[in-house]
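The values are calculated or read from the model by the stated rules, or taken from the named source; none is laboratory data. These numbers come from a predicted model, not from an experiment. Cβ atoms come from the backbone with ideal geometry, glycine included; neighbour counts cover every protein chain shown.
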Amino acid sequence: MWTIIEVLAGVFIYGAAVEPRFVVRNNEAAAIPNLPAAWEGQRIAVFADMQVGMWWANTDAARKVVRYTLDAHPAAVLIAGDFVYQANESVDGQMREVLSILQPILDAHIPTYAVLGNHDYSLMNERSREHDAVARRVAFALDSAGVHMMDNRVLPLRSPADTLAPAAATDSAAAGPDSVAGDSIRAPLYIVGIGERWAKDDRGAETLAQVPAGAARVVFMHDPDSFAHLPGGQAPLAVAAHTHGMQLGIPFVSDWLWRHHFSDEGSGLEGWISHYGEQGNRLYINRGIGFSRVPARVHAAPELTVFTLARGP
């Protein structure tokens, strides 16, 4: 008979060395009101939480997620934060590794959009100017490589069949609706990025106000708690990450623990989240790729989410 210590050791070895190397591709249908015909049936791929720089970083799975993303042939890619594990003086080296992982997507010229996560600020529960400075270095590295940084920004996307470059993103604090809507006639699908909650930078209502009334939109953020504060009917498809599926997917128990002890708003843990947020809004939480604190995953495998868009209520 195995002892409890042997069982726990076996679970930890499996969680550290085996399951994290799996990647689950979840294919989801996503209904968006007023979706233009050119976007029907198009795919948007989402992943997050690479956590590069942790001593046992899950970079093998991150590279696999990139391969799976290319296989999905998406019209766009959204990356929902936490590129690095700890944004500190070594962040530039960490970002070189991040970009080497993402390079196949960039080489394929797939439009790629990102927001920052709390680890990109090196934040667990507070903010400082130093944290803002390293986060700017993360954002600058991504932006320089061709990733559109979307923290509190709105971007109107042209039709996937349009070979022209996408319109420039606008900052919600500085631009009005008219400045955002310039190309909306050609492709009225908007990408809306929400800033990091722990950095006190999640200006969701202000950002969504820049989207023309009734226009189709996809909203993404790092922390699902930000979703609770979005105005009703403004985020019919929203995506977040941050939870890692608790890295220990005990049915019912992990979800309860997250809602009651780790989320200020009771967000839920993974997948489609019901009975949360304002009426007319719908949230999907991606489990991410990497680790936080404990380098293991059990029943919470790394996830790539591929949404197939459809016009719907």
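Please go through the stretch 53-74 and give me each residue that is outside any helix (DSSP H, G or I) and modelled with pLDDT of 95 or more, ordered by number.
Once the filter is applied, which keeps residues that are outside any helix (DSSP H, G or I) and modelled with pLDDT of 95 or more, the stretch 53-74 yields HIS73, PRO74.
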- [ ] Quick one: which residue in VAL147, VAL66, VAL138, VAL134 is touching a strand residue (DSSP E or B) at 6+ places or on another chain (Cβ under 6 Å), surrounded by 15 or more Cβ atoms within 10 Å (Cβ to Cβ) and on the phi < 0 side of the Ramachandran plot?
- [x] VAL147
Task: Pairs with Cβ under 8 Å, 6+ apart, first in the stretch 207-224 and surrounded by 24 or more Cβ atoms within 10 Å (Cβ to Cβ), second among the acidic types (Asp, Glu) - done: MET221/ASP202; HIS222/ASP82; HIS222/GLU196; ASP223/GLU196; ASP223/ASP202; PRO224/GLU265
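Looking at the stretch 39-52 only, could you name the residues that are assigned to a loop (DSSP other than H, G, I, E, B), under 14 Å from THR305 (Cα atoms) and touching a Leu at 6+ places or on another chain (Cβ under 9 Å)?
GLN42, ALA48 - these are the residues of the stretch 39-52 that are assigned to a loop (DSSP other than H, G, I, E, B), under 14 Å from THR305 (Cα atoms) and touching a Leu at 6+ places or on another chain (Cβ under 9 Å).
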Open item on the list: Any residue in the stretch 140-163 that is within 20 Å of TYR190 (Cβ to Cβ) and outside any loop (DSSP other than H, G, I, E, B) sitting within a Cβ distance under 7 Å of a residue that is among the polar types (S, T, N, Q) and at pLDDT below 95? List the pairs, counting only those 6 or more apart or interchain.
Closed with: ARG153/THR170; ARG153/SER172; VAL154/THR170; VAL154/SER172; PRO156/SER184
TODO: Could you identify the single residue in ALA75, ALA80, ALA29 that is within 22 Å of ALA238 (Cβ to Cβ), aliphatic (A, V, I, L, M), under 18 Å from the mean Cα position of the chain (by Cα) and surrounded by fewer than 13 Cβ atoms within 10 Å (Cβ to Cβ)?
DONE: ALA29
